[in-house]
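This structure is in structure tokens; I'll ask about it shortly.
What follows draws every value from the coordinates through simple rules; no lab data is involved. Remember, it's a predicted structure, so these values are computed and weren't measured experimentally. Neighbour counts are summed over all protein chains in view; Cβ atoms, including those assigned to glycine, are modelled from backbone coordinates with ideal geometry.
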Amino acid sequence: MVHIVGAGCGAADLITLRGARLLGEADQVIYAGSLVNPELLELARPGAVLHDSASLTLEEVVALAEEGERRGWSTVRLHTGDPCLYGAIREQMDALAARGIPFDVTPGVSSFCGAAAAIPAEYTLPGVSQSLIITRAAGRTPVPEGESLSSLAAHGASMVLFLSAGLLAKAQKELLAGGAYTPDTPAAIVYKATWPEERVFPCTVGTLEAAARQAGVSRTALVLVGDFLGKDYRRSDLYNPGFSHGCREGDGNRREELP
Ligand code: SAH
């Protein structure tokens with residue numbers, strides 16, 4: 001059996017209880033070495049076989065899983081953050097399925113959540129944005145045409161760019177070309193969210209590239225964009241004394257502003 005497990009985005013204690021249990025039970029762990037906290041490997045039992053996948057191909061990873069299966073082992077494939085985002089797990093799942101190897105997936109704390117905690121911020125503010133666009137700038141991996149940064153930027157929604165900290169000169173232009181963000185729209189570069197080296201570099205859409213250059217950050221960072229990083233928003237209805245819902249009878253005359 002292969003367990004695809006999200007390691008969380010940095011701090012070792014952000015792995016789920018299930019992920020930690022599976023790691024502790026594994027006979028073999030194939031971990032994404034570049035971004036998985038090495039402390040997590042201490043959860044593996046003594047004698048478990050550890051492979052860093054940084055230098056492996058898909059074929060080699062699948063061969064290790066297949067060999068583990070032949071021996072009746074439990075294999076953990078440990079991915080950074082949550083495996084469902086930029087994790088290249090679809091091809092692994094298809095390859096395992098094609099070989100009749102059973103697998104399951106355990107989610108993890110994605111870096112876009114870790115980055116929000118680092119700021120700290122809420123992506124979905126009433127009166128500001130109720131949507132989060134998760135995307136990346138086109139680099140060596142192309143992005144489908146209908147998902148160009150400028151077209152996504154036209155919504156003015158909260159946005160997180162993965163894998164883009166080294167591509168900000170072009171990204172900045174495209175974000176502005178969308179027409180909804182201005183050069184003054186708040187932005188932030190979050191480096192190694194939840195790791196001990198975590199740093200937050202607040203900036204604006206107009207200064208993204210300069211901020212990354214000045215900070216010397218070109219990888220292991222997320223770029224956050226949008227007015228959710230600003231001061232203004234509307235308080236939520238859910239907790240407003242004047243708002244009624246299934247669990248609480250509100251006083252319609254008491255519509256409160258922010259305390
Ligand atoms: N599955 C992962 C993303 C893997 S792609 C997740 O859910 O987070 C790798 C990219 O994720 C990096 O280039 C960087 O943009 C981002 N990333 C991963 N961990 C990060 C962290 N702790 N802080 C900031 N960005 C991170």
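First select every other residue whose beta carbon is under 15 angstrom from the beta carbon of residue 196; then total the charges, Lys and Arg +1, Asp and Glu -1.
Result for the local shell: -2.
Between residue 173 and residue 13, what is 0.36 nm times their sequence separation minus the Cα-Cα distance? Round to one decimal in nm.
My answer for the length gained is 53.8 nm.
Can you give me the angle between helix 58-70 and the longest principal axis of the chain, using Cα atoms only, in degrees from 0 to 90, rounded to the nearest 10?
Approximately 50 degrees, to the nearest 10.
Given a Förster distance of 25 Å, report the FRET efficiency between residue 27 and residue 59 from their Cβ-Cβ distance, rounded to the nearest 0.05.
0.75
Here's another thing I want to ask about it. Quick one: grab Rg to one decimal and Dmax as a whole number for segment 4-48, Cα atoms only, in Å.
9.5, 26
What is the chain's relative contact order, in percent, from Cα pairs under 8 angstrom and six or more apart in sequence?
It comes to 18 percent, rounded to a whole number.
Further question on the same structure: Given the alpha-carbon gyration tensor of the chain, what are the semi-axes of its equivalent ellipsoid in whole angstrom, ordered largest first, with each equal to the square root of 5 times an eigenvalue?
The equivalent ellipsoid of the chain has semi-axes of 37, 24, 17 Å.
Considering only 179, 146, 81, give the residue with the highest GNM mean-square fluctuation for the chain, with springs between Cα atoms whenever their separation is below 10 Å.
With Cα springs under 10 Å in the chain, the top fluctuation among 179, 146, 81 is at 146.
I would also like to ask the following. How are the alpha carbon pair distances in segment 119-255 distributed across 5 Å bins from zero to the largest one, expressed in percent?
Once binned at 5 Å, the Cα pair distances of segment 119-255 give 2, 10, 19, 20, 16, 11, 7, 6, 5, 3, 1, 0.
With r defined as the distance between the Cβ atoms of residue 257 and residue 143 and R0 fixed at 35 Å, what FRET efficiency is calculated, to the nearest 0.05? Don't skip to the end; give the middle numbers.
On the way: r = 41 Å, r/R0 = 1.17.
So the FRET efficiency works out to roughly 0.30.
Seen from all sides and averaged, what is the projected area of the convex hull of the Cα atoms in segment 164-229, in nm²?
4.0 nm²
Next up: When Lys and Arg each count +1 and Asp and Glu each count -1, what net charge do the other residues less than 13 Å away from residue 113, Cβ to Cβ, add up to?
Values: positive: none; negative: 82, 122.
Surrounding charge for residue 113 is -2.
Going by alpha carbons, how many degrees (0 to 90, nearest 10) lie between the helix axis of 89-98 and the longest principal axis of the chain?
On a 0 to 90 degree scale, this one is about 40.
Oh, and also: Hey, any idea what Rg/Rh is for segment 77-194, computing Rh the Kirkwood way over Cα pairs?
1.02
In segment 196-258, which chymotrypsin sites (Phe, Trp or Tyr not before Pro) are in a loop and have at most 13 other Cβ atoms within 10 Å, using DSSP for the loop call?
Of the chymotrypsin sites (Phe, Trp or Tyr not before Pro), the ones in loops of segment 196-258 whose Cβ has at most 13 other Cβ atoms within 10 Å are 239.
How big is the convex hull of the Cα atoms of segment 1-115, per residue, in Å³?
Each residue corresponds to 86 Å³ of Cα convex hull volume.
Once both labels are modelled 7 Å past Cα along the beta-carbon direction, what's the residue 248-residue 99 spacing in nm?
5.3 nm
What do you get for Rg/Rh of segment 132-182 when both radii come from the Cα atoms and Rh is the Kirkwood radius?
0.91
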